[in-house]
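Novice: Below are the C-alpha cells for one structure; questions will follow.
The values are calculated or read from the model by the stated rules, or taken from the named source; none is laboratory data. Just so it is clear, the model here is predicted, and its values are computed rather than measured. A quick note on method: Cβ atoms are made from the backbone with ideal geometry, for glycine too, and the neighbour counts reach across all protein chains shown. The protein model used for the area step is the full one, side chains on, heavy atoms only, and it has no ligands, DNA or RNA in it. Shrake-Rupley method; radii C 1.70, N 1.55, O 1.52, S 1.80 Å.
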Amino acid sequence: MFASPAIPDEKATALIQWLIYQAWEKAPNEELVAATAERIVEAGVPLDRCRVAMYTLHPEIGSLMFDWDRAENTAVTGHRHEIAYSRDESEEWKASPLRHMMATGTLRLRRRLIGPDAELDFTAFEEFRDEGFTDYYACMFGGAEALRLIREGERSCGALLRWLTRHPDGFSEHDIAFIDSIVPALTSAIQAHLDQEISANLLDAYVGPLVGGRILKGEIRRGMAESLDAVLMIADLSDFTSVSDIVSKEEMVSALNRYFDAMLAPVHAAGGQVLKFLGDGFLAIFPCEPEMRQETARKALQAASEALTAVDALAETEADLERPAMGLNVALHLGEVMFGNVGSRDRLDFTVIGPAVNEASRMESLCRSLGTDIILSETIATLLPEQTRLLTRTELRGVKGERALYAPLPAASGAMR
C-alpha cells in the first residue's frame, strides 16, 4: 500500500492542512494543482513540472489530466486535458511509463535522467532529458479497491502523479518524502472537487443539464413541481419497427446512437433540453418567458428543420453503406406544463406533465397520415404566421375539442417532401 511518512515535516504539514481545507472549496482542479505545485516549490522542493491524472465517470471522457509547468507559469497556471475513451491504445500510451505502472501495479517509479545512474528505459525519459529534466518520479495512489483493480488491469478511480525537476542534483530523498506525504491530501482534494463534477456530468448525460442542475440544488422532493411555459418537441423515427425486424439488436443500438447524434445536435444548439428518450424518439422542451414566446417558437422550428435535414443526410449515408434508413417525424406545441418530480416513494422522474404533453404526442402520431414530417399546433402557428400553413382541423384522441394543425412552409423548414 502507498504510505506517506509517519511524521511529515513542518512545511509538508502546513501544505497538507491547506489541501484539506481546499477540499471544501469550489476552485477548479487545474487551479488547485497549480497552487499546490507553487507551494511545493516555496517549500524548497525543486519541482519544475507535474501531472495529476484522475479517472472520471463520463460517457465520453475516460480520464482527466491536470498539468503544471514552472516555466509556463503565467496568468493561466494550470491546464486540463480530457482523455476520451478509446478501444485501441495509442502507441504513445503503450510506451508510457505510466501505462507500465498501471499494467504491473507499480506504485512508485523513479528514474535519474542524466549522469552515470541514468536509466532511460522508456522513450519518454529520453524526451524529458532532452527538455533539460534531470530526475523523474511517478507514483500511483488510490484506495484498496482502486489498487486491486489496477493490479487486475481494470479501470479504477485511482490517481497517477508525475513529478519532474531540472535541478542538477535531481530530487533529494527529502524531496521525494515531501511529495509522498502530500499526495494523499492532494488527490483527496481533487477527488472531492471531481466527485461534484462527476455528479453533474452523469446528471447532464442521463437527465439533461436543466434537470440535473435542479437536482443538484436539492429539488428532489416528490411532488415538488412548478408551472412552466415551454415549446414541447416530440420526435419519433419512422420505420423503426420494420428496420428493427431485419437487423441485429447490436446494429439497432448502434443505428439509434447515430440517429440521436444527428437529430439532437440542433436541438441542443437551440437551447432545447431533452427530458427523456422514448424508445426511438424523444421529448424535449424549450422553456420560454412570455415575452420570448415567438423567438423560442422560431428557434424550436429551426431546430426541428435542421434535425430533419441531418436525419435525411444520415439516411443517405446509411443507404450507401447498405444499412436500412429511417426518417423523422416531429410535433411542436407551445403550452403550459407542470415541471418537477413525479413518481413513487423510491423511484422518481423529473419530467413535464399536463394536457399539452398529451396533445403534442397525439399530434406527432398524425405525421404519416397527414403527409408531413413536422406538425405544428395553433399556438405555434399563431406566433409564426409567415412560416406556417394550415393542414387540417381534426380531433385528437383523448383531447377534447377540434384542433387546427399546421405545417411549416417549405421555405421555412426545407423539410417538406
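Novice: Do any strands (runs of 3 or more DSSP E) entirely within the range 1-115 hold 2 or more residues that are open to solvent by 60 Å² or more (accessible area, probe 1.4 Å) and at pLDDT 90 or above, and if so, which?
Specialist: Values: elements: 49-55, 61-69, 79-84, 108-112.
Counting at least 2 such residues, we get 108-112.
Novice: A further question follows. For S369, indicate whether it is open to solvent by 50 Å² or more (accessible area, probe 1.4 Å), under 20 Å from G281 (Cα atoms) and modelled with pLDDT of 90 or more.
Specialist: Yes, satisfied.
Novice: Would it be correct to say that L328 is open to solvent by 40 Å² or more (accessible area, probe 1.4 Å) and touching a helix residue (DSSP H, G or I) at 6+ places or on another chain (Cβ under 8 Å)? Full working, then the answer.
Specialist: On the way: open to solvent by 40 Å² or more (accessible area, probe 1.4 Å): no; touching a helix residue (DSSP H, G or I) at 6+ places or on another chain (Cβ under 8 Å): yes.
So L328 does not fit the description; no.
Novice: I need the full set of residues from the range 346-400 which are without any contact (Cβ under 8 Å) to a residue 60 or more places away in the chain, part of a loop (DSSP other than H, G, I, E, B) and in contact with a strand residue (DSSP E or B) (Cβ under 7 Å, 6 or more places away or on another chain), in order please.
Specialist: G354, L366, T372, L396, listed by residue number.
Novice: How about the range 272-297: which of its residues are in contact with a helix residue (DSSP H, G or I) (Cβ under 8 Å, 6 or more places away or on another chain) and either open to solvent by 40 Å² or more (accessible area, probe 1.4 Å) or in a helix (DSSP H, G or I) (or both)?
Specialist: F277, G279, P287, R293, Q294, A297
Novice: Mind checking whether some residue in the range 217-227 is modelled with pLDDT of 75 or more and in a strand (DSSP E or B)? Write out each step before concluding.
Specialist: Our first condition is that a residue be modelled with pLDDT of 75 or more; within the range 217-227, this holds for 226-227.
Next, only the ones that are in a strand (DSSP E or B) stay: 226-227.
Checked the range 217-227: at least one residue is modelled with pLDDT of 75 or more and in a strand (DSSP E or B).
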